[in-house]
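Working notes for the structure below.
The values are calculated or read from the model by the stated rules, or taken from the named source; none is laboratory data. In this text the structure is predicted, and so the values were computed from the model without any measurement. Here Cβ is always computed from backbone atoms with ideal geometry, including for glycine, and neighbour counts include all displayed protein chains. Heads up: the accessible areas ignore ligands, DNA and RNA and are worked out on the full protein's heavy atoms, side chains in. Shrake-Rupley method; radii C 1.70, N 1.55, O 1.52, S 1.80 Å.
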Amino acid sequence: MRERVRGAGRRVVAAGLLGLAWLTAGAGAALAGPAPGSQVPAPTPARLLLAWSFNPLVTVGLLALAIAYLQARRHLVASGVEWPARRTVYFLSGVGAIAIALLSPIEVYDTALFSVHVAQHMLLTMVAAPLLALGAPVTLALRVAKGRTRRRMTRVLHSPPLRVISHPLVAWVLFTISLYALYFSPLFDLTLRNPLVHDLVHVHFLAAGLLFWWPLVGLDPSRWRLPHIARLLFVFLMVPFHAFLGVAIMNSGRVLAPTLETFQRSWGPTPLVDQQTGGAILWGAGDLIAIGAVLGILISWASYEEKVVAVREDRRQARLRAAGHPIRPVTNTRPPAP
(Lines give C-alpha, C1' and ligand atoms only; values in the text may rest on other atoms or scores of the structure.)
Protein backbone atom coordinates (compact mmCIF):
# COMPACT_ATOMS: atom_id res chain seq x y z
CA MET A 1 0.00 0.00 0.00
CA ARG A 2 2.77 2.41 0.93
CA GLU A 3 4.61 1.65 -2.31
CA ARG A 4 1.44 2.38 -4.31
CA VAL A 5 1.05 5.72 -2.57
CA ARG A 6 4.68 6.59 -3.24
CA GLY A 7 4.30 5.58 -6.88
CA ALA A 8 1.15 7.67 -7.22
CA GLY A 9 2.92 10.64 -5.66
CA ARG A 10 5.83 10.34 -8.08
CA ARG A 11 3.45 10.10 -11.06
CA VAL A 12 1.47 13.12 -9.92
CA VAL A 13 4.57 15.26 -9.41
CA ALA A 14 6.00 14.12 -12.76
CA ALA A 15 2.74 14.96 -14.53
CA GLY A 16 2.66 18.40 -12.94
CA LEU A 17 6.27 19.13 -13.91
CA LEU A 18 5.62 17.84 -17.43
CA GLY A 19 2.61 20.09 -17.73
CA LEU A 20 4.58 23.07 -16.51
CA ALA A 21 7.39 22.32 -18.94
CA TRP A 22 5.02 21.99 -21.89
CA LEU A 23 3.18 25.14 -20.88
CA THR A 24 6.43 27.09 -20.54
CA ALA A 25 7.64 25.85 -23.90
CA GLY A 26 4.43 26.80 -25.66
CA ALA A 27 3.25 29.85 -23.73
CA GLY A 28 2.31 32.49 -26.23
CA ALA A 29 2.49 30.16 -29.22
CA ALA A 30 -1.22 29.46 -29.17
CA LEU A 31 -2.42 31.43 -32.15
CA ALA A 32 -0.48 32.99 -34.96
CA GLY A 33 -1.61 36.60 -34.95
CA PRO A 34 -1.35 38.85 -38.01
CA ALA A 35 2.15 39.67 -39.14
CA PRO A 36 3.29 43.31 -39.18
CA GLY A 37 1.99 45.06 -42.28
CA SER A 38 -0.79 42.53 -42.87
CA GLN A 39 -4.55 42.96 -42.74
CA VAL A 40 -6.13 42.49 -39.31
CA PRO A 41 -9.58 40.82 -39.45
CA ALA A 42 -12.44 42.61 -37.77
CA PRO A 43 -13.49 41.06 -34.41
CA THR A 44 -16.92 39.78 -35.42
CA PRO A 45 -19.07 37.94 -32.84
CA ALA A 46 -18.50 34.64 -34.64
CA ARG A 47 -14.74 35.12 -34.63
CA LEU A 48 -14.68 36.12 -30.95
CA LEU A 49 -16.70 33.05 -29.96
CA LEU A 50 -15.23 30.41 -32.27
CA ALA A 51 -11.66 31.45 -33.11
CA TRP A 52 -10.09 29.41 -30.33
CA SER A 53 -6.84 27.55 -30.87
CA PHE A 54 -5.84 24.22 -29.37
CA ASN A 55 -2.11 24.53 -29.77
CA PRO A 56 -0.68 21.20 -28.58
CA LEU A 57 2.00 22.69 -26.35
CA VAL A 58 -0.29 24.98 -24.37
CA THR A 59 -3.32 22.67 -24.40
CA VAL A 60 -1.39 19.59 -23.26
CA GLY A 61 0.44 21.63 -20.64
CA LEU A 62 -2.75 23.04 -19.15
CA LEU A 63 -4.50 19.66 -19.20
CA ALA A 64 -1.51 17.99 -17.54
CA LEU A 65 -1.45 20.62 -14.78
CA ALA A 66 -5.17 20.28 -14.12
CA ILE A 67 -5.10 16.45 -14.16
CA ALA A 68 -2.02 16.30 -11.93
CA TYR A 69 -3.66 18.61 -9.39
CA LEU A 70 -6.93 16.65 -9.38
CA GLN A 71 -5.08 13.34 -9.10
CA ALA A 72 -3.00 14.63 -6.20
CA ARG A 73 -6.13 15.85 -4.42
CA ARG A 74 -7.82 12.48 -5.00
CA HIS A 75 -4.88 10.54 -3.53
CA LEU A 76 -4.69 12.92 -0.57
CA VAL A 77 -8.39 12.63 0.22
CA ALA A 78 -8.23 8.84 -0.23
CA SER A 79 -5.51 8.71 2.42
CA GLY A 80 -7.82 10.45 4.90
CA VAL A 81 -6.36 13.96 4.65
CA GLU A 82 -8.79 16.79 3.91
CA TRP A 83 -8.07 19.33 1.19
CA PRO A 84 -10.23 22.47 0.98
CA ALA A 85 -12.44 22.45 -2.11
CA ARG A 86 -11.92 26.18 -2.58
CA ARG A 87 -8.23 25.60 -3.29
CA THR A 88 -9.13 23.24 -6.11
CA VAL A 89 -11.54 25.81 -7.52
CA TYR A 90 -8.87 28.51 -7.31
CA PHE A 91 -6.26 26.42 -9.11
CA LEU A 92 -8.56 25.26 -11.90
CA SER A 93 -9.77 28.84 -12.35
CA GLY A 94 -6.15 29.91 -12.73
CA VAL A 95 -5.62 27.25 -15.39
CA GLY A 96 -8.77 28.52 -17.12
CA ALA A 97 -7.47 32.10 -17.03
CA ILE A 98 -4.25 30.99 -18.76
CA ALA A 99 -6.32 29.19 -21.39
CA ILE A 100 -8.32 32.36 -22.05
CA ALA A 101 -5.14 34.43 -22.30
CA LEU A 102 -3.22 32.06 -24.59
CA LEU A 103 -5.82 30.04 -26.52
CA SER A 104 -8.73 32.42 -27.02
CA PRO A 105 -9.08 35.10 -29.75
CA ILE A 106 -7.19 37.41 -27.39
CA GLU A 107 -4.00 35.92 -28.81
CA VAL A 108 -5.08 36.86 -32.35
CA TYR A 109 -5.21 40.58 -31.54
CA ASP A 110 -2.57 40.97 -28.83
CA THR A 111 0.04 42.16 -31.34
CA ALA A 112 -2.17 44.43 -33.42
CA LEU A 113 -4.04 46.06 -30.50
CA PHE A 114 -2.16 47.35 -27.48
CA SER A 115 -5.33 47.32 -25.37
CA VAL A 116 -5.76 43.58 -26.00
CA HIS A 117 -2.10 43.02 -25.16
CA VAL A 118 -2.62 44.77 -21.80
CA ALA A 119 -5.74 42.70 -21.10
CA GLN A 120 -3.73 39.55 -21.79
CA HIS A 121 -0.94 40.82 -19.55
CA MET A 122 -3.42 41.44 -16.72
CA LEU A 123 -4.96 37.99 -17.14
CA LEU A 124 -1.59 36.28 -16.76
CA THR A 125 -0.06 38.36 -13.97
CA MET A 126 -3.03 39.64 -11.95
CA VAL A 127 -5.65 36.89 -12.41
CA ALA A 128 -4.08 33.55 -13.32
CA ALA A 129 -0.99 33.88 -11.10
CA PRO A 130 -2.79 34.68 -7.80
CA LEU A 131 -5.44 32.03 -8.50
CA LEU A 132 -2.74 29.40 -9.01
CA ALA A 133 -1.00 30.51 -5.81
CA LEU A 134 -4.29 30.30 -3.89
CA GLY A 135 -4.54 26.68 -5.03
CA ALA A 136 -1.35 25.90 -3.02
CA PRO A 137 -0.01 23.40 -5.60
CA VAL A 138 3.42 23.09 -3.95
CA THR A 139 1.86 22.18 -0.61
CA LEU A 140 -0.36 19.63 -2.31
CA ALA A 141 2.56 18.08 -4.18
CA LEU A 142 4.64 17.86 -0.98
CA ARG A 143 1.81 16.13 0.89
CA VAL A 144 1.35 13.57 -1.86
CA ALA A 145 5.02 12.94 -2.60
CA LYS A 146 6.89 10.49 -0.39
CA GLY A 147 10.43 9.36 0.18
CA ARG A 148 13.00 10.33 -2.43
CA THR A 149 10.59 12.45 -4.48
CA ARG A 150 9.70 14.57 -1.48
CA ARG A 151 13.36 15.02 -0.52
CA ARG A 152 14.19 16.14 -4.05
CA MET A 153 11.37 18.66 -4.04
CA THR A 154 12.52 19.99 -0.68
CA ARG A 155 16.07 20.40 -1.97
CA VAL A 156 14.79 22.34 -4.97
CA LEU A 157 12.69 24.62 -2.77
CA HIS A 158 15.72 25.37 -0.61
CA SER A 159 18.22 25.62 -3.45
CA PRO A 160 20.23 28.87 -3.75
CA PRO A 161 18.90 29.81 -7.22
CA LEU A 162 15.27 29.54 -6.13
CA ARG A 163 16.09 31.31 -2.88
CA VAL A 164 17.45 34.26 -4.84
CA ILE A 165 14.76 34.47 -7.50
CA SER A 166 11.95 34.07 -4.96
CA HIS A 167 13.26 36.86 -2.73
CA PRO A 168 10.41 39.39 -2.33
CA LEU A 169 12.57 42.26 -3.57
CA VAL A 170 13.61 40.36 -6.70
CA ALA A 171 10.01 39.29 -7.32
CA TRP A 172 8.80 42.87 -6.88
CA VAL A 173 11.35 44.22 -9.35
CA LEU A 174 10.52 41.56 -11.94
CA PHE A 175 6.81 42.22 -11.51
CA THR A 176 6.93 46.04 -11.52
CA ILE A 177 10.10 47.64 -12.80
CA SER A 178 10.60 45.20 -15.68
CA LEU A 179 7.40 46.54 -17.28
CA TYR A 180 9.07 49.92 -17.72
CA ALA A 181 12.01 48.21 -19.42
CA LEU A 182 9.57 46.43 -21.73
CA TYR A 183 7.30 49.28 -22.78
CA PHE A 184 9.81 52.14 -22.86
CA SER A 185 12.53 50.41 -24.83
CA PRO A 186 12.87 48.85 -28.31
CA LEU A 187 12.14 45.47 -26.71
CA PHE A 188 8.38 45.94 -27.01
CA ASP A 189 8.63 46.62 -30.74
CA LEU A 190 10.79 43.51 -31.07
CA THR A 191 8.10 41.40 -29.40
CA LEU A 192 5.67 42.43 -32.16
CA ARG A 193 8.06 41.36 -34.91
CA ASN A 194 9.71 38.28 -33.38
CA PRO A 195 7.40 35.40 -32.34
CA LEU A 196 10.02 33.84 -30.05
CA VAL A 197 10.53 37.06 -28.10
CA HIS A 198 6.76 37.48 -28.03
CA ASP A 199 6.42 34.04 -26.44
CA LEU A 200 9.18 34.72 -23.92
CA VAL A 201 7.37 37.86 -22.76
CA HIS A 202 4.30 35.73 -22.01
CA VAL A 203 6.47 33.36 -20.00
CA HIS A 204 7.90 36.35 -18.15
CA PHE A 205 4.43 37.70 -17.35
CA LEU A 206 3.28 34.40 -15.86
CA ALA A 207 6.54 33.65 -14.01
CA ALA A 208 6.83 37.17 -12.58
CA GLY A 209 3.21 37.02 -11.47
CA LEU A 210 3.72 33.70 -9.71
CA LEU A 211 6.85 34.96 -7.93
CA PHE A 212 5.04 38.14 -6.86
CA TRP A 213 1.89 36.47 -5.51
CA TRP A 214 3.61 33.45 -3.95
CA PRO A 215 4.72 35.25 -0.74
CA LEU A 216 1.59 37.43 -0.69
CA VAL A 217 -0.77 34.45 -0.62
CA GLY A 218 1.49 32.66 1.85
CA LEU A 219 0.00 29.17 1.49
CA ASP A 220 2.90 27.32 -0.10
CA PRO A 221 6.23 26.90 1.74
CA SER A 222 8.73 29.65 1.05
CA ARG A 223 12.12 30.66 2.34
CA TRP A 224 10.81 34.22 2.59
CA ARG A 225 7.71 34.08 4.78
CA LEU A 226 6.23 37.58 5.00
CA PRO A 227 4.17 38.81 7.97
CA HIS A 228 0.83 40.34 7.08
CA ILE A 229 1.99 43.91 7.58
CA ALA A 230 4.84 43.29 5.12
CA ARG A 231 2.37 41.83 2.61
CA LEU A 232 0.30 45.01 2.79
CA LEU A 233 3.42 47.11 2.26
CA PHE A 234 4.37 44.86 -0.65
CA VAL A 235 1.08 45.65 -2.41
CA PHE A 236 1.07 49.35 -1.50
CA LEU A 237 4.54 49.78 -3.00
CA MET A 238 3.39 48.13 -6.23
CA VAL A 239 0.31 50.32 -6.75
CA PRO A 240 1.96 53.70 -7.51
CA PHE A 241 4.49 52.18 -9.92
CA HIS A 242 1.74 50.30 -11.75
CA ALA A 243 -0.55 53.34 -11.78
CA PHE A 244 2.21 55.69 -12.97
CA LEU A 245 3.01 53.30 -15.82
CA GLY A 246 -0.63 53.29 -16.91
CA VAL A 247 -0.90 57.08 -16.66
CA ALA A 248 2.36 57.56 -18.58
CA ILE A 249 1.09 55.34 -21.40
CA MET A 250 -2.27 57.13 -21.39
CA ASN A 251 -0.63 60.56 -21.71
CA SER A 252 1.97 59.53 -24.26
CA GLY A 253 1.69 61.49 -27.48
CA ARG A 254 3.35 58.84 -29.61
CA VAL A 255 2.93 55.15 -30.22
CA LEU A 256 5.30 53.08 -28.09
CA ALA A 257 6.20 50.69 -30.90
CA PRO A 258 6.32 51.76 -34.57
CA THR A 259 5.20 48.27 -35.59
CA LEU A 260 1.76 48.96 -34.09
CA GLU A 261 1.16 51.48 -36.88
CA THR A 262 1.96 49.01 -39.65
CA PHE A 263 -1.04 46.74 -39.10
CA GLN A 264 -3.74 47.38 -41.69
CA ARG A 265 -7.30 47.67 -40.41
CA SER A 266 -10.28 49.82 -41.30
CA TRP A 267 -12.03 49.31 -37.98
CA GLY A 268 -11.48 50.24 -34.35
CA PRO A 269 -9.53 53.12 -32.83
CA THR A 270 -6.29 54.55 -34.13
CA PRO A 271 -3.08 52.99 -32.74
CA LEU A 272 -2.52 55.97 -30.43
CA VAL A 273 -6.08 55.95 -29.06
CA ASP A 274 -5.92 52.18 -28.63
CA GLN A 275 -2.63 52.57 -26.77
CA GLN A 276 -4.19 55.16 -24.46
CA THR A 277 -7.07 52.73 -23.80
CA GLY A 278 -4.52 50.09 -22.87
CA GLY A 279 -2.90 52.49 -20.42
CA ALA A 280 -6.28 53.15 -18.82
CA ILE A 281 -6.86 49.39 -18.47
CA LEU A 282 -3.43 48.95 -16.91
CA TRP A 283 -4.11 51.73 -14.41
CA GLY A 284 -7.74 50.98 -13.53
CA ALA A 285 -7.65 47.19 -13.49
CA GLY A 286 -4.36 47.17 -11.59
CA ASP A 287 -5.77 49.41 -8.86
CA LEU A 288 -8.96 47.34 -8.55
CA ILE A 289 -7.04 44.07 -8.22
CA ALA A 290 -4.68 45.70 -5.70
CA ILE A 291 -7.68 46.77 -3.60
CA GLY A 292 -8.96 43.20 -3.71
CA ALA A 293 -5.54 41.93 -2.65
CA VAL A 294 -5.44 44.35 0.29
CA LEU A 295 -8.89 43.22 1.43
CA GLY A 296 -7.84 39.60 1.14
CA ILE A 297 -4.70 40.20 3.19
CA LEU A 298 -6.69 42.04 5.88
CA ILE A 299 -9.22 39.18 6.10
CA SER A 300 -6.38 36.64 6.30
CA TRP A 301 -4.70 38.74 8.99
CA ALA A 302 -7.89 38.90 11.07
CA SER A 303 -8.38 35.13 10.76
CA TYR A 304 -4.76 34.53 11.75
CA GLU A 305 -5.10 36.74 14.83
CA GLU A 306 -8.24 34.86 15.89
CA LYS A 307 -6.37 31.57 15.64
CA VAL A 308 -3.45 32.98 17.65
CA VAL A 309 -5.81 34.18 20.38
CA ALA A 310 -7.51 30.77 20.46
CA VAL A 311 -4.16 28.96 20.74
CA ARG A 312 -3.05 31.26 23.57
CA GLU A 313 -6.33 30.65 25.42
CA ASP A 314 -5.94 26.89 25.03
CA ARG A 315 -2.41 27.07 26.43
CA ARG A 316 -3.57 29.25 29.34
CA GLN A 317 -6.29 26.76 30.24
CA ALA A 318 -3.81 23.89 29.97
CA ARG A 319 -1.49 25.66 32.42
CA LEU A 320 -4.40 26.23 34.83
CA ARG A 321 -5.37 22.57 34.66
CA ALA A 322 -1.81 21.51 35.31
CA ALA A 323 -1.68 23.81 38.35
CA GLY A 324 -4.97 22.45 39.70
CA HIS A 325 -6.88 25.73 39.38
CA PRO A 326 -10.55 25.67 38.43
CA ILE A 327 -11.28 26.89 34.91
CA ARG A 328 -14.10 29.33 34.61
CA PRO A 329 -15.84 29.38 31.25
CA VAL A 330 -15.87 32.68 29.45
CA THR A 331 -19.38 34.13 29.57
CA ASN A 332 -20.94 37.08 27.87
CA THR A 333 -21.38 39.81 30.47
CA ARG A 334 -23.30 42.12 28.19
CA PRO A 335 -26.99 42.64 29.00
CA PRO A 336 -29.41 41.09 26.52
CA ALA A 337 -30.56 43.33 23.70
CA PRO A 338 -34.02 44.81 24.21
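Under a point spin-label approximation (7 Å from Cα along Cα-to-Cβ), what is the Phe241-Leu187 distance to one decimal in nm?
1.3
Starting with the highest mean, order 277-288, 261-272 by the number of other Cβ atoms within 10 Å, averaged over the residues of each peptide.
277-288, 261-272
Find the accessible area per residue for the stretch 156-249; the probe is 1.4 Å, ligands and nucleic acids are left out, and the unit is Å².
46
Return the loop-located chymotrypsin sites (Phe, Trp or Tyr not before Pro) in the stretch 98-199 (DSSP other than H, G, I, E, B) with at most 16 other Cβ atoms within 10 Å of their own Cβ; answer none if there are none.
Sparse-neighbourhood loop chymotrypsin sites (Phe, Trp or Tyr not before Pro): Phe184.
Run the numbers on the stretch 236-283 and let me know its relative contact order in percent, using alpha-carbon pairs under 8 Å that are six or more apart.
60 percent.
Express in nm, to one decimal, how much length is gained between Leu70 and Glu306 on full extension, taking 0.36 nm for each residue of separation and deducting their alpha carbon distance.
Between Leu70 and Glu306, full extension yields 81.8 nm more.
Of the heavy-atom accessible surface of the stretch 121-190 (probe 1.4 angstrom), what whole percent is carbon and sulfur?
It is 72 percent, rounded to a whole number.
Go through the stretch 120-126 residue by residue and turn each phi into a ³J(HN,Hα) via Karplus (6.51, -1.76, 1.60, θ = phi - 60°); whole Hz please, and just put x for glycine and proline.
3J(HN,Hα) across the stretch 120-126, in whole Hz: 5, 4, 5, 4, 6, 8, 10.
Output wanted: per-residue J couplings in Hz (rounded whole) for the stretch 278-285, from phi through Karplus 6.51 cos²θ - 1.76 cosθ + 1.60, θ = phi - 60°, x for Gly and Pro.
For the stretch 278-285, the Karplus-derived couplings read x, x, 5, 5, 4, 6, x, 5 Hz, x marking Gly and Pro.
Report the net charge of residues surrounding Leu295, where surrounding means a beta-carbon distance below 15 angstrom and charges are Lys +1, Arg +1, Asp -1, Glu -1.
Working: positive: Arg231; negative: Asp287.
Here the count lands on 0.
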